[in-house]
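Structure first, commentary second.
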Amino acid sequence: MFEFFTTLFESEGFSPRWYCGNWTSELGWMHVLSDLGVWSAYVTIPLIIGYFLVRKRDLPFRGVLLLFGAFILACGTTHLMDAVMFWWPAYRLGGLRGLEALLIVLGSVVMVALYAFATLRSGNCKAAFFVSVPLICLATVSFNLRPQMVGYLFLILTLIAMERFRQGKQRSIWLLPLLFLVWVNTHGSWIIGFGIVGVYFASGLVSFQVGQLEARRWTSSERLRLEIVLMLSVAAIPITPYGTRLAVYPFMFAWSLPVNVAQIQEWQVMPFNVVGGKIFLVFLLGFFLAQVMFRFSWRLEEFLLFLFGTAMACLHVRFLMLFVPFFAPLAAVILARWMSPYNKAKDQYLINFAMMAGVVIAMLYYFPSQHQIEEKVASQFPVRALQYLREHPAPGPLFNTYGYGGYMVEAGLKTFIDGRGDLFEQTGVLADYIYIKQLKPGVLRVLSGYGIRSVLMGRGEPLLTVLAASPEWRRVYSDDVSELYVKQDTGDGPKQIIAESLRVATR
């Protein structure tokens, strides 16, 4: 593990980006200046957060704000690195292990934010901890280096700001317009953040007590502040490089992309036959059992969000991430009934320090090596097949498995489809891919309609069985992960190429 840190900043074996490809001065400087501009925009956000932390000493959860600022700074640093690599090729710093470390840091920030939110609502940090740990394990199914991780963090920060406002602490709510400005330029989940603010706002327009459900009306000053914050947040939505087009994207996805919603795995209904679905069901049943037995009182807005998160998680497994932050504060309140609050006098600082140091050392020691990460990637993606394709180019166009697309794009290969399902649905390619994947009648004619001459898919996929039985197709490469089939031509030249490929593949 420690050799990772000793070689992280080395550039031996790599050339500066100026010498990789045919860069003109104008094109190169356009990239450099663009990356520097994006980096400076990112740096502005932690500077503003730092300004508030210095001026407002009584801001709560200063640690969470510092982590958020550090995360934004880290995101911006990637653009600075892209600019610097034109002169200093530190590609190891941005390699697989760097990405793995970034995912760990981002996941840790989300975990701390969820813990802070549960603590804020329950008033018991111990209960919040014991609730957050198992709940975050449900959400980690969707943890990956995608913009949705940033949106998830922003969602929890929005909940923290609104919960503080409901508790009469009103300063943090003024950060919401800035948060939405960054959010709308990062991920389409900003619309859920607006929904959270809307539910809090609407729930404060009435006042009642019905059984264990209650609502408290906003004061005139609270309502005015919320309205101003909402107007400023709405005004921030069109401030994107694409104007309002980026802002309407979440609505387009919800109503204009039925194939994605119907076919992509993360949009399927909750699978209660797997471990994650069973844990989700246990949490739900435990909540309702505790409610029946002890009759906890809930505010209208938090109960509505809990019902919304539960319904969305049942409809689409991807929205299990919504259930977690909506349920965590309620679960912490329930658990706090049996847990005494934190007592600072009982703290053992030396033991705490030793335990935290041990955790950090263990993380460093067990952090995966470059070889381990590459082995993990090779077990899921066609690493060896792409190496074969580089040495023995197959005729195109090439048809590929959906899950391989992103990896192949990163490797510089042209693909039939990749993970940007929304874009491919608009052109009809996703529907045709599903048609081919499901082996509907005339599947070979559909392939021919696209002029497909090569197929790269996971080993044992149904389409490959059809190709193996067709005299027009020949398998030229196979390993324990993927298989490559090439369509035979009538000319002698292409036949010789295929024959040579077969000889090489069977050596």
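The values are calculated or read from the model by the stated rules, or taken from the named source; none is laboratory data. Bear in mind the structure is a predicted one, so any value in this text is a computation, not a measurement. Backbone-built Cβ (ideal geometry, glycine too); neighbour counts: all protein chains shown. Note: areas computed on protein heavy atoms with side chains; ligands, DNA, RNA excluded. Shrake-Rupley method; radii C 1.70, N 1.55, O 1.52, S 1.80 Å.
Summary table
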| quantity | calculated |
| --- | --- |
| Among the residues listed as L463, L430, L439, L413, the single one being surrounded by 16 or more Cβ atoms within 10 Å (Cβ to Cβ), part of a loop (DSSP other than H, G, I, E, B) and not hydroxyl-bearing (S, T, Y) | L413 |
| Residue that is nearest to C314 (Cα to Cα) [pool: residues in segment 259-278 that are at pLDDT 75 or above and surrounded by fewer than 16 Cβ atoms within 10 Å (Cβ to Cβ)] | V269 |
| Checklist (1) surrounded by fewer than 19 Cβ atoms within 10 Å (Cβ to Cβ); (2) part of a helix (DSSP H, G or I) applied to R217, failing item | (2) |
| Residue tally, condition surrounded by 12 or more Cβ atoms within 10 Å (Cβ to Cβ) and outside any helix (DSSP H, G or I), over segment 416-427 | 5 |
| Any hit, segment 285-292, residues being among the polar types (S, T, N, Q), within 19 Å of G309 (Cα to Cα) and open to solvent by 40 Å² or more (accessible area, probe 1.4 Å) | no |
| Enumerated helices (runs of 4 or more DSSP H) restricted to segment 106-200, each holding at least 1 residues that are open to solvent by 20 Å² or more (accessible area, probe 1.4 Å) and closer than 15 Å to M321 by Cα | 125-139, 147-166 |
| Count of residues meeting criterion [more than 26 Å from the chain's Cα centre (by Cα), more than 23 Å from Y200 (Cβ to Cβ) and among the hydrophobic types (A, V, I, L, M, F, W, C)] in segment 269-308 | 7 |
| Residue, least open to solvent (accessible area, probe 1.4 Å), within segment 29-46, restricted to residues that are farther than 24 Å from L175 by Cβ and not small (G, A, S) | V32 |
| Filter pass, A311 being open to solvent by 40 Å² or more (accessible area, probe 1.4 Å), modelled with pLDDT of 85 or more and within 22 Å of the chain's Cα centre (by Cα) | yes |
| Check on R420, of a type in the set (D, E, K, R) and over 17 Å from Q265 (Cβ atoms) | no |
| From the options L96, L67, residue that is under 19 Å from Y42 (Cα atoms), modelled with pLDDT under 75, open to solvent by 40 Å² or more (accessible area, probe 1.4 Å) and under 21 Å from the mean Cα position of the chain (by Cα) | L67 |
| Criterion (basic (K, R) and in contact with a Phe, Trp or Tyr (Cβ under 8 Å, 6 or more places away or on another chain)) met by exactly one of R166, R216 | R166 |
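Here is a yes/no grid of residues against (1) among the basic types (K, R); (2) open to solvent by less than 40 Å² (accessible area, probe 1.4 Å); (3) under 27 Å from V486 (Cβ atoms):
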position: F319; (1), (2), (3): no, yes, no
position: W338; (1), (2), (3): no, no, no
position: Y366; (1), (2), (3): no, no, no
position: G403; (1), (2), (3): no, no, yes
position: V409; (1), (2), (3): no, no, yes
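The rows are residues; the columns are (1) under 22 Å from Q426 (Cβ atoms); (2) of a type in the set (V, I, T).
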residue	(1), (2)
E214	no, no
M231	no, no
V234	no, yes
N260	yes, no
K278	no, no
F296	no, no
L300	no, no
A313	no, no
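Quick grid of which residues meet (1) closer than 16 Å to F381 by Cα; (2) of a type outside the set (D, E); (3) at pLDDT 90 or above:
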position	(1), (2), (3)
A411	yes, yes, no
I417	yes, yes, yes
V429	no, yes, yes
S454	no, yes, yes
V466	no, yes, yes
Y477	yes, yes, yes
D489	no, no, no
G493	no, yes, no
Q496	no, yes, no
